[in-house]
Amino acid sequence: MIDFIEYVVSELRSKRLSKTDAIALVRQFSHRPVGPAGAVIHPLLHRNASDLGGQRYESTFTGDEFFLADHQVAAQKVLPGVAYLEMVRAAIDQAWPERPGSTILELRNTVWPHPIVVDGKKDVSLALAATDGGGIDYEIYSEDEEGETIHCQGRAVWSGQPAPAMLDLEQLEREMAQGEVEPGSLYAASAAMGVSYGAAFQGITSLRKGSGQALARLRLPRVVESTSGEYVLHPSLLDAALQASLGLFDDWAELANEPRLPFALDSLRIVGPCVPEMVAWVRYSPGSRASDKLVKVDVDLCDERGNVRVQMRGFSWRTLKKESGTAIAAPAQEAEPPVTGSLAEKTQEYLRKQLAGVLRLPAHELDPRAALENYGIDSIVAMKLTTQLEKTFGSLSKTLFY
């Protein structure tokens, strides 16, 4: 694994990290608690469980971790969507220690089909698989007596595209002419929606609104300051950047009692590590609007000088209808009447149900006219759907959905 100090030095040499920030990160890293022999690889990635069958890692969460204790949805401890991204990054850092020269790690077509809810001990696995094109497919899952549940999947690639240009923060500040949001009111509104952020996840210090955009100042909360050097994508800061998307909505009352969970992310570029104080520029993705059924946003996360560290493109949520005492889970499948109509209609309905089974989503929530990408269909899901269809139709082309 690339040593953290070596990583900071490489970022310093490439001028993606200032000397001041480098010193701060090294100082925080040097004061982190030192674990005993056999300590975990990473706070989110505990053990290497790889064997001849493939590259795999395991983690065991208790619910006492700050990223669970201070992140609750409908009164349940739920792993933040951004934590999966850091898990994947850490796993790839372990599995692929030599970064190809002048490249940036990108996570593409990430989808979160089912949240990880922790009530006591919870074992989670992460699998990596190299692709023919030089990418890495990743999947985060758990297993119980009912079988395997996929929580997150996507594909990682090393991108040769140049680092993004600096943001002109002064110009962006001038564009935020629609008022300022008091952070306390944002967290109160989130609680009304059913998402409770504890002290470790209240990282927004200011939030200003513009036309279809918002600009947030972020600071790593004091209660987790000592953890800064343990993460490249710190969950508290990345989650705060996404929290700032509430600044795009005018009427928070309409969002009450409807917790939002991550659904999909078109791409994430990891240009450099997070630093304790950052700025998040949030806006609607090109072609997306507040009235869309599936709203997408783009986020640039930069340091205080405008150097972009993390880019997110096409992030979307799914909304849970919250009822008192209802546990978080995929909605129960409702009985549907027998399908009538033409052969084409029957075939469409059959395929819709097969896909719903693979995604573990209600069939009625899938729009047969929508692009597969809207539901986070990547190579892993496509292969599982093909395997499911082979049970009925026999051997099929492995590229059926490509």
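What FRET efficiency would be calculated for the residue pair Val40, Thr20, taking the C-beta separation as r and a Förster radius of 30 Å, to the nearest 0.05?
The pair Val40/Thr20 has a calculated efficiency of 0.50.
Could you tell me the relative contact order of the range 49-130? Use alpha-carbon pairs under 8 Å, at least six residues apart, and round to a whole percent.
Answer for the range 49-130 is 52 percent.
Using θ = phi - 60° and the Karplus curve 6.51 cos²θ - 1.76 cosθ + 1.60, what whole-Hz ³J(HN,Hα) does each residue of the range 280-294 get, with Gly and Pro shown as x?
Karplus-based 3J(HN,Hα) across the range 280-294 equals 10, 9, 10, 7, 5, 5, x, x, 9, 9, 4, 7, 5, 5, 10 Hz.
Please compute the net charge surrounding Pro183, taking Lys and Arg as +1 and Asp and Glu as -1 over other residues with Cβ under 14 Å from its Cβ.
+1
Give me Glu180, Glu175, Glu106 ranked fewest to most by other Cβ atoms within 10 Å of their Cβ, as a rough exposure proxy.
Glu180, Glu175, Glu106
Each reported figure results from applying straightforward, stated rules to the coordinates on display, with no laboratory input. All values derive from a computational prediction rather than experimental measurement. Virtual Cβ from ideal backbone geometry, glycine too; neighbours counted across all protein chains shown.
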